[in-house]
1. Ordered by packing density, taken as the mean number of other Cβ atoms within 10 Å over each peptide's residues, highest first, how do 236-246, 260-270 rank?
2. Would you mind telling me which residue in 247, 28, 115 has the biggest mean-square fluctuation in a Gaussian network model of the chain, where springs connect alpha carbons within a distance under 10 angstrom?
3. What residue among 121, 87, 78 shows peak mean-square fluctuation when the chain is described by a Gaussian network model with Cα springs under 10 Å?
4. Would you mind ranking 63, 154 by Cβ crowding within 10 Å, fewest neighbours first?
5. Could you work out how much longer the chain between residue 7 and residue 145 gets when fully extended? Use 0.36 nm per residue separation minus the Cα distance between them, nm to one decimal.
6. Given the -39500 (n - 2.57) contribution per DSSP H run of 4+ residues, what per-residue ellipticity at 222 nm results for the chain, rounded to the nearest 500 deg cm²/dmol?
7. Normalized C-alpha radius of gyration of region 309-349, against 2.2 N^0.38 Å?
8. Which angle between 0 and 90 degrees, to the nearest 10, do you get for helix 107-120 versus the longest principal axis of the chain when only C-alpha atoms count?
Ligand SMILES: *Cc1c(COP(=O)(O)O)cnc(C)c1O
């Protein structure tokens, strides 16, 4: 049995103007925390946001036993607040935890943690069109011990931060053929901390050369497109929506899944398959209309205007009538309550 969540609120709540600040800088007033010890979850609480006290021996600081999720709450047109696709995020969180040998979180502990925190901090859900409340559930290993082993103690936490438009400009990306993000049998399909630390260096190099992001390729051939930075990669070629299949090295993005579902419903041809950088270069060289974009919770759809493949730059289509914008709009309409939520994606709190 998971514990009941106790709630302690701040006497005075303040919502600051966070619009001008970079994404994720300002947490809301409260956070959720539960402790895992002796094989069970306890002390589940919503409390005022505060810094943690950790032993310098805490295992998460040394061996990367950390897992996170990223999801959003939206204010609907009728003023109600919904959390988008809790179930799908829970499934992925559970999968990541299993892969990292971390304790299972019961489903109602996960969803109650999120909904009770969002309720307490509901003033922080932006009401304007592009705004949302970014929700970050995560778990860290806290056992104080230098030895390399699975931790016996953990914290499961949730923090939130108001979010506005993520990328303002269409991206310039470079197909990466020297470094890889994930290899078969590795942790590429989980949201564990180490995947991101390892991606900084190649991304940094791409930035030095004038690109915003890398397009990762597979670890064996450096040929097949995998992801776009920390987003799933999607292309529209000849009106067909193409995205790399989930082969184990690619994260099963919730936005990816939502966009594919919406596209299929709209009668758009969808292909989940391998797509090589050569196929991409050929389509661009033949003058085909190619849309390219990243799909993820933070940006939803991040249009790509330029792709560099083997030192040659190609331009992608970013015109107003691009399919990617229609798909983004459809998702937006579901979240806002403009379009019926036929899949039950919105959890209204
Ligand atoms: C989180 C993430 C995504 C996008 O997943 P969403 O569920 O759509 O936010 C894609 N790739 C990587 C590597 C990620 O970490």
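Values quoted throughout were computed directly from the atomic coordinates according to the rules given, and no laboratory measurement underlies them. Here the structure is a predicted model, which means the values were calculated and not measured. Note: ideal-geometry Cβ built from the backbone for every residue, glycine included; neighbour counts use all protein chains shown.
1. In descending order of packing, they fall as 236-246, 260-270.
2. 247
3. Among 121, 87, 78, the largest GNM mean-square fluctuation belongs to 78.
4. Exposure proxy ranking, most exposed first: 63, 154.
5. 46.6 nm
6. Mean residue ellipticity at 222 nm (helix-derived): -6500 deg cm²/dmol.
7. Output field value: 1.80.
8. Taking Cα atoms only, the helix is inclined about 80 degrees.
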